[in-house]
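Below is one structure, written out as structure tokens; comments come after it.
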Amino acid sequence: MNIKLNGEDFEFSGKNVSDLVAAVEPAKPFAVAVNTQFVSKGVYGQTLLNENDAVDIVRPVVGG
């Protein structure tokens, strides 16, 4: 399926956020949002992805 990952087209063969995180191996720490909704780590496996979903994997910004 095709999703948008951080604004870019991404061909994804998994089914949920957990599969996506395993595929892209983002540097820790990071946060995930699907269609602008935050997804907590505890529900990655239960959060199914669909064709054309917009997924953002971001790192927190620290400093002042």
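Before moving on, here are some points about what is shown:
- Some residue of the stretch 6-24 being basic (Lys, Arg) and at pLDDT 95 or above: yes
- Among all positions in the stretch 8-21, there is at least one residue which is out of contact with any helix residue (DSSP H, G or I) (no Cβ under 7 Å at 6 or more places or on another chain) and open to solvent by less than 50 Å² (accessible area, probe 1.4 Å).
The values are calculated or read from the model by the stated rules, or taken from the named source; none is laboratory data. For clarity, every value in this text was computed on a predicted model and none was experimentally measured. In this analysis, Cβ positions are derived from the backbone assuming ideal geometry, glycine residues included, and neighbour counts consider all displayed protein chains. These area figures cover heavy atoms from the full protein model, side chains too; ligands, DNA and RNA do not enter into them. Shrake-Rupley method; radii C 1.70, N 1.55, O 1.52, S 1.80 Å.
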